[in-house]
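Q: Have a look at this one.
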Amino acid sequence: MNRKYMEHELNQTTSHLARLVGKGSFLRGSPVVMKRVCGNPNCKCALEGKLHSSLYISKNKDGDRNMIYVPKDLEEDVRAKLSAYQKVKDLTEKISEINYGQLKLKKKKGDV
């Protein structure tokens, strides 16, 4: 990669990251779908074995895992926020790699 391409790529990536972070609409965690029986003996889960699904967010903090229940009406929004967090992480990694590449170019040229 040449320097101009790297600068262009860096500008685009940081711009995209700034838009995502500026919204502040992201969540760190992993989506976990859990299936269960509700307890109603006349329900399809008890009669047919078709279990109910519930979405949870698995979140680790200080070595402890927390499972946070997500109400059905918020599932789509929560999935989008979890995905946005992953995108923020990916963009940050990409920016870091571009900066390492630029450092290598500068080092070859003797600019550092």
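The values are calculated or read from the model by the stated rules, or taken from the named source; none is laboratory data. Just so you know, these numbers come straight off a predicted model, no measurement behind them. Ideal geometry is used to build each Cβ from the backbone, glycine not excepted, and the neighbour counts take in all protein chains shown.
Q: What about Ile57, is it touching a residue at least 24 places away in the same chain (Cβ under 8 Å), surrounded by 12 or more Cβ atoms within 10 Å (Cβ to Cβ), of a type in the set (Val, Ile, Thr) and touching a Gly at 6+ places or on another chain (Cβ under 9 Å)?
A: For Ile57, the condition - touching a residue at least 24 places away in the same chain (Cβ under 8 Å), surrounded by 12 or more Cβ atoms within 10 Å (Cβ to Cβ), of a type in the set (Val, Ile, Thr) and touching a Gly at 6+ places or on another chain (Cβ under 9 Å) - is met.
Q: Just one of (1) loosely packed, with under 10 Cβ neighbours inside 10 Å; (2) touching a helix residue (DSSP H, G or I) at 6+ places or on another chain (Cβ under 9 Å); (3) modelled with pLDDT under 90 trips up Thr13, so point out which.
A: (1)
Q: Next up: Give the range 33-49 a look and list any residue that's of a type in the set (Lys, Arg) and under 20 Å from Val70 (Cα atoms), or say none.
A: Passing the criteria: Lys35, Arg36.
Q: Just to be sure I understand, how many residues within the range 35-82 are polar (S, T, N, Q), within 16 Å of the chain's Cα centre (by Cα) and modelled with pLDDT under 95?
A: 1
Q: Here is a list of conditions, (1) assigned to a helix (DSSP H, G or I); (2) on the phi > 0 side of the Ramachandran plot, and Cys45 meets all of them except one; can you say which number that is?
A: With respect to (1) assigned to a helix (DSSP H, G or I); (2) on the phi > 0 side of the Ramachandran plot, Cys45 is out only on (2).
Q: Which members of the range 19-54 meet the condition of being aliphatic (A, V, I, L, M) and either surrounded by 11 or more Cβ atoms within 10 Å (Cβ to Cβ) or touching a residue at least 40 places away in the same chain (Cβ under 8 Å) (or both)?
A: Residues satisfying the conditions are Leu20, Val21, Leu27, Val32, Met34, Val37, Ala46, Leu51.
Q: Return yes when Leu91 is touching a helix residue (DSSP H, G or I) at 6+ places or on another chain (Cβ under 9 Å), surrounded by 11 or more Cβ atoms within 10 Å (Cβ to Cβ), assigned to a loop (DSSP other than H, G, I, E, B) and aliphatic (A, V, I, L, M) and no when it is not.
A: no
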